[in-house]
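First up is the structure itself, then whatever we jot down about it.
The values are calculated or read from the model by the stated rules, or taken from the named source; none is laboratory data. Just so it is clear, the structure is predicted and the values come from calculations on it, not from any experiment. Quick reminder, even Gly has a Cβ in these numbers, built from the backbone with ideal geometry, and neighbours come from all protein chains shown.
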Amino acid sequence: MQWQWNRSFVLASVTLVVAAWTMPSAVAEPALVPRAVVAADAAPEAMAGLYSELRGGEKAISIPGAAWLQLQFSDVQLGPNGTLTITSAAGDSQSFSQAELDAWGGLTAIFNGSELRVALTPSPDATEPVVARVADIIIGLPPVQQGAAEPAPQPLINLLGGNIDRFIPKEVRRPATQENSSIETICGATDDRVAANNPRIGRIMPAGCTGWLIDGGRLLTAGHCTGRTMQTVEFNVPASLANGVTVSPPVRDQYRVIARSVVTQNTGVGNDWAIFAALPNSETGLLPAAAQGATFQLSNTENPANVRITGFGLDGPPPNLGAGGQHDATNQTQQTHVGALSGNTGGANSGKLQYSTDTQGGNSGSPVIVEGGNVAIGIHTNGGCTTTSGTNTGTSFRNQALWMAIGNGM
């Protein structure tokens, strides 16, 4: 079946859905990326100058102690051929026309480091001034431990007036008891995940989930990963910092999710899925499937003995392995493990996979792959493994509603 997505982007704020399961055998597995969002109308006095209107020329934005930066623009008027360019201290750059910035909803890519330069360039024949204003500065923070951010660098604390908590979105500040961040879902006594580099699989930011490419160029993830934090998909993700702070790939490997493209269900284990599309990359003009050069094939008939799960789970040293404890450079980077498949059932609006494959928070949305190839049989959604028992679970493509929504059997 030929699918055509409406590529016109309407900035939508969709209610964040994070499943909070009451049974320990079904813990949803996102891993929201810690950040502070400082809006112009709430910024401390020391930052006030960073939000002043820019009318041509350049502006420097420096946030001492920030792990990474992202900007949300408003009131941008570039005219027919004007450009807005954001450049990091390392030289990574993103340029927008008016139409491209509107498509991205005024949001930039994520830039590593604490300094950016914003340049506003009018068309040579412009008759009206070009204008841009920064509405929000989004600041990358250290990872979350037990529901609270690790101590931020003192320069950042000082800049934010000594109170970072008031700038941290409430979903990041959620107590660990309401999220899986303190619950490990490793099957057995050891974490057997190893580093991977599957080009079909990306990291959804700042939701802290996994998304992956299927034939036709669309992407799949877990339904509980959708919402206002499902903004960008990153491919070719590098190692994190030694303390687990995420490091983003260059702008050329970041793609804006088309909010209105999302088709999703999230009513529990076995019916937790989402299908979506992304815009072409702002620098290369390529869609993610073309840039990555590979997609997964799907099957609702295969029932293998073993399945592989590859995704961007939390990680760190024992005993917590990143789940509510310390983090390390493997945190929320691509890792993989193979385990036994013990269940694959289906129905009109349900299809449940069960397996003893190691995962952690951040693996939500990962492909459940037939070992030895690039055929996926479902979407990983929930943790349930312990050191002694249990299984992790996902949504099988034997869920007939999901299978039809993808476009199969029609």
task: State whether the residues of region 40-56 include one that is of a type in the set (Ser, Thr, Tyr) and in contact with a helix residue (DSSP H, G or I) (Cβ under 7 Å, 6 or more places away or on another chain).
output: yes
message: Given the criterion at pLDDT 85 or above and not acidic (Asp, Glu), identify the matching residue among 32, 16, 11.
response: 32
query: Has region 326-333 got at least one residue that is among the charged types (D, E, K, R), in contact (Cβ under 8 Å) with a residue 40 or more places away in the chain and closer than 22 Å to residue 396 by Cβ?
result: no
message: Just the residues that are outside any loop (DSSP other than H, G, I, E, B) and either of a type in the set (Phe, Trp, Tyr) or crowded, with 17+ Cβ neighbours inside 10 Å (or both), please, taken from region 289-315.
response: 289, 291, 292, 296, 298, 307, 308, 309, 310, 311
message: For the structure I just gave you, tell me whether residue 324 is touching a helix residue (DSSP H, G or I) at 6+ places or on another chain (Cβ under 6 Å) and under 19 Å from residue 208 (Cβ atoms).
response: yes
message: As an exercise: evaluate residue 96 against (1) at pLDDT below 95; (2) buried (at least 22 other Cβ atoms within 10 Å of the Cβ) and give the number of the one condition it does not meet.
response: (1)
task: Go through 113, 91 for me and flag whichever is surrounded by fewer than 18 Cβ atoms within 10 Å (Cβ to Cβ) and free of Cβ contacts under 8 Å to residues at least 12 places away in the same chain.
output: 91
field: Hits in region 185-239 - residues which are polar (S, T, N, Q), under 20 Å from residue 325 (Cβ atoms) and crowded, with 24+ Cβ neighbours inside 10 Å
entry: 185
field: Subset tally (residues that are among the charged types (D, E, K, R), crowded, with 21+ Cβ neighbours inside 10 Å and over 16 Å from the mean Cα position of the chain (by Cα)) for region 246-288
entry: 1
